[in-house]
Amino acid sequence: MKDYTCLLEELKINGNFRQFPEVTHSGKWIEKEGHRMLNLSSNDYLGLATRQDLRATFMEQLADTDLPFSSSSSRLLTGNFAIYKDLEKLISERFGRESALLFNSGYHANTGILPALADKQTLIIADKLVHASIIDGILLSGAPFTRYKHNDYEQLERLLAKASGQYEQVIIVTESVFSMDGDVADLPHLVALKKKYKDTLLYVDEAHAIGVYGSDGLGIAEEQHCIGDIDLLVGTFGKALASMGAYLLCSRVIRDYLINTMRPLIFSTALPPVQIAWSRFLFEKLPDFSSERRQLFRKSRKLSEKLNGKGGEISNSHIIPFIIGENEACIQKALELQRKGFYCLPVRPPTVPKGTSRIRFSLTANITDEEINELIMLL
Ligand code: PMP
């Protein structure tokens, strides 16, 4: 039998042992063992999850509905409510795309879409730094795959040229804002490549960008003017949109095909209709949050400039790495910042490559200039 106690000991020795932090939340603050800290590790990028006014308005509206707190079933059985279709319609209209499909989470989306669409005749080519959920989706698909160096489109083009004519189709997979480095993909470049090489689809995960970029908050695809050219455009509700779930923008045919073949969609109870109503409530308001987007961008630049040479130069977004190197030093630095009132967390291998353990600052729009200045002084 495997000795799991011993395996856990090994994790501890290597500084890789993980535990759920015992914390309580109060707006942008987090409290641990009676010590209050500014939360610099949240994905609530626009600060919407802590907005009491939005919550109060939503609850008032909700009181006039009979939306249940459970769908009690997969959408394909008895769990399909009008609110799902409403939200899909709103999303597809906003993006100006043929159709949208909702999922229970980004993890469901990324582990379900690729296995449904790809087979042995499909080559998947993914950026080296795509999120674990995408890697899991690729592995589950059983399709042949290869990876290109992070954002290295010359290497990607060589791989596309080599694959040309060898497969029924090729799927290029990338994130737009990368979750650990906070840098941004050049989507028009990827669109040009996918158009140049026949039978190639482009899959983009905007989990960290939806709500935060673009004048209407529709993400990097909006900012880089290529919404209509991305075959499979994924976004999530659990970060800037302060809710839970994910969506895909795609053609009607792909949507129908996924409904027929995508296992996490078919075999899992759909999100509660109440949750979908909250997602819809916030998604509808996205264009109104441009001042939050501006604030977030300005403060992010301030911090990344300060961390120039230590990881800040890599970032082009509100996710800013402070690369320290070894695990133990990284843990100690995070603890020191926590003692001084800033809740930030060490990110270690296997989440990031060995020797690049880092503190990952993830800023939110409701952090003040004074707070950023204080953090900068400490760094
Ligand atoms: N995609 C990316 C790029 C992510 O960073 C994450 C989660 N951090 C996900 C997908 C998963 O989304 P969810 O949390 O909704 O499962």
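The values are calculated or read from the model by the stated rules, or taken from the named source; none is laboratory data. None of these values were measured; they are calculated from a predicted model. Note that we place each Cβ from the backbone using ideal geometry, even for glycine, and neighbour counts take in every protein chain shown. For accessibility, only protein heavy atoms count, side chains too; no ligands or nucleic acids. Shrake-Rupley method; radii C 1.70, N 1.55, O 1.52, S 1.80 Å.
Net charge within 11 Å of Tyr343 by Cβ-Cβ distance, Lys/Arg positive one each and Asp/Glu negative one each, not counting Tyr343 itself? Could the numbers behind the result be given before it?
Details: positive: Lys28, Lys32, Arg36, Arg339, Lys340; negative: Glu31.
Its environment carries a net charge of +4.
Please give the per residue accessible area of the stretch 153-282, computed with a probe of 1.4 Å over protein heavy atoms only, in Å².
Details: 4780 Å² over 130 residues.
So the stretch 153-282 comes to 37 Å² accessible per residue, rounded to a whole number.
Can you tell me which of Thr24, Thr236, Thr261 moves the most in a GNM of the chain? Springs connect C-alpha atoms under 10 Å apart.
Thr24
Could you sort the peptides 85-95, 269-279 by per-residue average Cβ neighbour count (10 Å cutoff), highest mean leading? Let's see the in-between values first.
Details: 85-95: 17.3, 269-279: 21.9.
Final packing ranking: 269-279, 85-95.
Dipole size in debye (nearest 20) for the stretch 168-326 around its Cα centre, Lys and Arg Cβ +1, Asp and Glu Cβ -1?
300
If you put +1 on each Lys and Arg Cβ and -1 on each Asp and Glu Cβ, how big is the dipole of the chain around its Cα centre, in Debye rounded to 20? Please report the intermediate quantities before stating the final value.
Working: 44 positive and 47 negative charges, 101 e Å.
That gives a dipole near 480 debye.
Using a simple charge model, +1 on the beta-carbon of Lys and Arg, -1 on the beta-carbon of Asp and Glu, nothing else, what dipole does the stretch 6-69 show about its Cα centre, in debye to the nearest 20?
Details: 7 positive and 10 negative charges, 62 e Å.
The calculation lands at about 300 debye.
Could you check which residue among Arg158, Arg36, Arg360 shows the biggest mean-square fluctuation in a GNM of the chain with a 10 Å Cα cutoff?
Highest fluctuation among the options: Arg158.
For the chain, max minus min Cα coordinate along each principal axis, in Å, sorted largest first?
56, 54, 52
As I understand it, the dipole of the chain uses +1 on the Cβ of Lys and Arg and -1 on the Cβ of Asp and Glu, about the Cα centre. Which of Phe103, Ser164, Ser268 lies farthest toward its positive end?
It is Ser164.
How much of the pair distance distribution for the stretch 12-63 lies past 18 Å, counting alpha-carbon pairs only, in percent?
Of all Cα-Cα pairs in the stretch 12-63, 52 percent lie more than 18 Å apart.
At 1.4 Å probe radius, can you tell me the per residue accessible area of the stretch 335-379 in Å²? Could the numbers behind the result be given before it?
Numbers: 1950 Å² over 45 residues.
On a per-residue basis, 43 Å².
Net charge within 11 Å of Leu123 by Cβ-Cβ distance, Lys/Arg positive one each and Asp/Glu negative one each, not counting Leu123 itself?
-1
Would you calculate a helix-derived [θ] at 222 nm for the chain, using -39,500 (n - 2.57) for each DSSP H run of n ≥ 4 and dividing by the full residue count, to the nearest 500?
Details: 14 runs with 150 residues, N = 379.
Rounded to the nearest 500, it is -12000 deg cm²/dmol.
At 27 Å minimum axial length over the Cα atoms and a Kyte-Doolittle cut of -0.5, report the qualifying DSSP H helices in the chain, or say none. Don't jump to the answer; show the numbers that get you there.
Working: long enough: none.
Counting only whole DSSP H runs, no helix qualifies.
Return the whole-Å distance between the Cα centroid of the stretch 300-320 and the Cα centroid of the stretch 114-153.
Cα centres, the stretch 300-320 to the stretch 114-153: 28 Å.
Looking at Ser243, Phe322, Gly219, which one has the Cα that reaches farthest to the positive end of the dipole of the stretch 214-323 (charges on Cβ: Lys, Arg +1; Asp, Glu -1)?
The Cα lying farthest towards the positive end belongs to Phe322.
Using a Gaussian network model of the chain whose springs link C-alpha atoms within less than 10 Å, name the residue from Val23, Val204, Val191 with the highest mean-square fluctuation.
Val23
Quantify, in whole percent, the carbon and sulfur part of the accessible surface of the stretch 64-112 (1.4 Å probe; protein heavy atoms only). Please list the in-between numbers first.
Details: 1290 of 2460 Å².
It is 53 percent, rounded to a whole number.
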